[in-house]
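Some notes on the structure that comes next.
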Amino acid sequence: MYKMNMKAIFISSLLCMGGLANAQSYFQQEVNYTIHVTLDDVKNELTADESIEYINNSPNELSFIYMHLWPNAYKDNSTALAKQKLENGETNFYYSKEIDKGYIDQIDFKVDGKTVKWELLKDSIDICKMYLNEPLKSGARITITTPFHVKIPSGEFSRLGHIGQSYQITQWYPKPAVYDRNGWNYMPYLNQGEFYSEFGSFDVSITLPRNYVLGATGDMVDGEAELKWLEDKVHETEAIEYFNPKELDFPVSDNATKTLRFRQSNVHDFAWFCDKRYHVLKGEVTTPHTKHKVTTWVMFTNSEGNLWKNSIKYMNDAVYYYSLWNGDYPYNHCTAVDGTISAGGGMEYPNITVIGASGNAFQLDVVITHEVGHNWFYGMLGSNEREHAWMDEGINSANEMRYVETKYPGRKLTEGLIDLPGDLFGLKKYGHKYQYYLTYLLSAAKNEDQAIETPAYDYTELNYGGDVYSKTAVVFDYLKKYLGDEVYDAAMQKYFEEWHFKHPMPGDLRKVLERETGKNLSWFFDDLINSTKKLDYKIAFVNKRDDGAWDIGVKNTGDIKGPVIIYGIKNDKPVGEVMYEGFEGKAMLGFPPADVDYFKIDYPENMPEINRNNNTIRTHGLFKKVEPLKLQFLTGVDDPDKTQLYWTPVGGWNNYNKWMFGLAFYSNVLPQKKFEFQLMPMYSYTTNDLAGYGRVAFNFFPKSVFQKISIGATATRYAYSNAPFDMNFNKIAPELLLEFKKSRLRSPFKHTLRYRNINLLNDSYSVNVVLGPGSDNTPTYKKTQDYININDLTYTLAKSHAVQPYSLNVNLQQGEWMAKLGLTANYSYKFKNKNKSFDVRLFAGSFLSNDLAAAGPYRFRMSGWRGYQDYLYDNIYLGRTETDGILANQFTENEGGFKFYAPNGQSGKWLAALNLKSSLGNIKLPIGLYADIGTCGTDGLLNDQTLYDAGVYLSLRKNICEVYFPVLLCNDFKAYKTANGLTYPETIRFTLNISLINPFNLVRNFSF
Ligand SMILES: [Zn+2]
């Protein structure tokens, strides 16, 4: 688009790298492409011819070459892309229609004009192995040619695609995999996991209808007419005051076509984007060191046009600051286009980036800057992103964080995101930077984080953001603080200087940083990058010396010997700081004479401190380490300077307490804390008594065997009857929950073991009727209490899956009179329509003791549990002891899980049942069909050996509130219905799992 002779710069920089490379036995292949491609915007196809010059600079002879054919990633559900998307819970590709899928075909590889043998890899149809007729000697070159045809997939899935006639043509041509120091690096295309490509040059000619605006990698060749046309677009765009986001129709394509040619050297990929609706703006920025002039372009639709009209400034700032901190941008243009991409907020390609919807000006600036920044960390420093994602995404995020700090000093975390009245969530004190730390902490607090140096495909989706992007940004910020900006910048610039247009590995970066700074950075590379070890320093005490200086006792309670920085704070402003090299155990650190209120480790939050609660000590007062109590409404982010207590008003109703009101107090919910509590006392004006719920838990996150050990207890008290007087049940259940470590964090299987000791102290009564002369025979009631104790052990295996999840649950209960075992299996098939699913539940249970009489209240129930049958007092019933009326028809779908209520099928021996449900998936009327079939020990059967029922259900909220209308009943059920004179409405039952919508879960969902 803008031409200038760059050859001289490139050649000289390549020459000076040559000597260095030899010394390290470093080599890199050179791959030069010539492609002619035509876009068919009716069939959404590309037809192309490609010629690849492949130069073997390796010391080895090559007899084959791996080629990436990445459009095949969109071909069917067998590809790595399809599997990864499903694993990450996305079903859009899995259920996609043939017309929306994509592929590459019509390939006919020739090497130096002769046909060669090639084959797709058996387990990866987007990679092929091409056999050379003769080995390619070290230092020799070949020309590989092929025609190819690409069916462009829908842009909903990943990075290559079209949304209507808006085209994002990326990862689109046959491309040799990288052959480097480690051998062949062939890899299937993935959404989560980026790229690794050989450097070389591109000469690409693109033919498309004349009225498309096209942005691409490289400089336009002989493009004067096109450039003039774009300049006219710029003038038109500059004259537009308001971009109507509703006007997004595609103009009709011109019958006439144009061919645009682009050339670029020293890049490792070529992408292009075109849209007939694009507005265009153009700018220019001069790089700070070499004063090289870079043309900046932006191309955007009306969609967020009113934000994009200011975006040239963002482009210029991004190019300027990245050049300033890392080294100058050497190419002639830098372009950003607006595109709806599903792979995330934006995506980088050499010279050109594509940006998704951003919502506000600040976010647009940040995303543009991040993507432009990839020209350094990805584009020029061509690391293997699949294996070392942090080398591009992480270091780039550190630069992005610095950009925000530089350009928007004092910017708050919440600005532009949420406009809350007052300071509802206590978020206002945090700066923008805190979000990086917080996203790292979300997993790290649970010991579920992953080392920064982990292959991209091994990360959980949460950790890919929290560790690769955020933690890396935080640790590089920490390194910068430790080294000082000057030393840090000089070292990073040296890294850029030595490694641009090359393939640096983590060891190469470490070598440069340690050499340039003269520091041993093992705490940084071995611990912060290569491990999940945690950093935690604690201030134990402070003493003032006679000369006014301070002695501060600091203890390293973490696993990393990173530098520690202590700030003296007066009137909430830092008045001094000292930095010490890291140490193990305890150390006495000096602080020069200063008038301070308190000392704090890492006041500006540069360190990945896992526990900030022990970072502060006051210089006077009685309780130097006790943090002031802070009452906070609803919820918020953990504030390390305060002991937080959240509260919210709560209310409840049941048939005996009637209305209850109270307050809930609870510890913070995010990030996960070691000590958690929830207290929800309520007062009933009907029973004039207290009711409610409470829970405490201590959580441990060990390094092996268990992911989480939770020791705690719950307490529950509600009224369950008003006659002959108000009676309560009181339940206290100590609990041990063990969550086993997964074999790998991405594994869909989760094993848990839970033990509870359920203690019930329930109000009861004895009746006394005095008979005889003078008595009116009125009974008198005496309040008594029943004590029940039950051991409850549950093992659960759950497999999460976007289409076919299942779980298996084994439960053992043991009490004074009984021991029973139950097995529940759940399987679900989820259809494309998110509201439609087919659910199968299987239950089998047996008493281990054969004392039928003793089984009494504990018998297996074919019809699930009514309120008074819930002998564990686990579920919340509006009318726990009702036997008729609507409240008696609330039930829990456990044991037999039948929807029709009948006492038939209550067995003191054994019971087995199968429950089927199929929702019909109509959003306006969420209805479905159900069917149950079961049998049980003979003590529970009347005439039928097998019981069944079927009907229609209305799902107001799946698994929480569902209403069942019986249609088909077995003979025993019919007989029960007739014998009891039940009307149809009396046979309609419903579930209401209030415990699943407890306020703490709501808070948890609401807060993030
Ligand atoms: Zn990125």
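Taking amide H as placed 1.01 Å from N in the peptide plane, the amide H of ASP180 sits under 5 Å from that of ASN185, each at least 5 places away or on another chain.
For the peptides 777-787, 692-702, residues were scored by their other Cβ atoms within 10 Å and the scores averaged per peptide; the highest-first order is 692-702, 777-787. Residue pairs exceeding 32 angstrom between C-alpha atoms, taken from LYS85/LYS446; LYS429/LYS544; LYS101/LYS741; LYS83/LYS561; LYS97/LYS502: LYS101/LYS741; LYS83/LYS561; LYS97/LYS502. The residues of the chain expose on average 42 square angstrom of accessible surface per residue, using a 1.4 Å probe on protein heavy atoms. Modelled spin-label separation between GLU284 and ALA140, with each label point placed 7 Å from Cα along the Cα-to-Cβ direction: 4.9 nm.
Taking Cα centroids, how far is the range 158-179 from the range 443-495 in Å? The two parts, judged by their Cα centres, are 29 Å apart. Relative contact order for the chain: 6 percent, from Cα pairs under 8 Å spaced at least 6 residues apart, divided by residue count. Placing unit charges on the Cβ atoms of the charged side chains and taking the dipole of the chain about its Cα centre, the candidate lying farthest along the positive direction among ASN92, GLY113, THR460 is THR460.
The chymotrypsin sites (Phe, Trp or Tyr not before Pro) of the range 96-162 include none that DSSP puts in a loop with a beta carbon having at most 15 other beta carbons within 10 Å. Distance between the modelled labels on GLU236 and LEU248, one decimal in nanometres: 2.0 nm (7 Å Cα→Cβ projection).
For helix 485-499, what angle does its Cα long axis make with the longest principal axis of the chain, in degrees from 0 to 90 and rounded to 10? It is inclined by approximately 70 degrees. Computed from the Cα positions only, the extents of the chain along the three principal axes stand at 123, 83, 59 Å, in decreasing order. Helices in the chain, meaning DSSP H runs of at least 4 residues, each add -39500 (n - 2.57). Divided by all residues, the mean residue ellipticity at 222 nm is -5000 deg cm²/dmol. For the range 264-300, the residues whose amide N sits under 17 Å from a probe point set 7 Å from the Cα of ALA357 along the beta carbon direction are 300. In the structure shown, the pairs LYS731/LYS782; LYS175/LYS228; LYS511/LYS742; LYS511/LYS703; LYS117/LYS258; LYS480/LYS519 are assessed against 24 Å; a Cα-Cα span above that value is assigned to LYS175/LYS228; LYS511/LYS742; LYS511/LYS703; LYS117/LYS258. Here the label points at ASP222 and LYS494, each 7 Å from Cα along the C-beta direction, are separated by 4.8 nm in the simple model. Straight-line reach from LYS114: taking Cα to Cα under 18 Å and skipping same-chain neighbours fewer than 8 places apart, the lysines in range are LYS129, LYS137.
Taking every alpha-carbon pair under 8 Å whose residues sit at least 6 apart, the range 454-588 reaches a relative contact order of 16 percent. Working note: Karplus 6.51/-1.76/1.60 with θ = phi - 60° gives the range 561-576 the couplings 8, x, x, 10, 10, 10, 10, x, 10, 10, 6, 6, 10, x, 10, x Hz, where Gly and Pro are set to x.
Between the helical axis of 7-23 and the longest alpha-carbon principal axis of the chain there is an angle of about 70 degrees. A straight line joining the Cα centroids of the range 679-736 and the range 742-815 runs 12 Å. Checking the cross-link pairs LYS246/LYS830; LYS246/LYS832; LYS246/LYS276 against a 24 Å limit on the alpha carbon distance flags LYS246/LYS830; LYS246/LYS832 as lying beyond it.
Can you send over the carbon and sulfur percentage of the accessible area for the chain, probe radius 1.4 Å, protein chains only? About 56 percent, which is the carbon plus sulfur part of the accessible surface.
For LYS407, which aspartates and glutamates qualify as cross-link partners when the Cα separation must be under 13 Å and same-chain residues fewer than eight apart are set aside? Excluding near neighbours in sequence, the set is ASP317, ASP365.
For a straight C-alpha distance cut-off of 14 angstrom, the aspartates and glutamates reachable from LYS412 (same-chain residues fewer than eight places away being disregarded) are ASP423, GLU605.
The values are calculated or read from the model by the stated rules, or taken from the named source; none is laboratory data. Everything quoted here is computed from the prediction, not taken from an experiment. Neighbour counts are summed over all protein chains in view; Cβ atoms, including those assigned to glycine, are modelled from backbone coordinates with ideal geometry. Heads up: the accessible areas ignore ligands, DNA and RNA and are worked out on the full protein's heavy atoms, side chains in. Shrake-Rupley method; radii C 1.70, N 1.55, O 1.52, S 1.80 Å.
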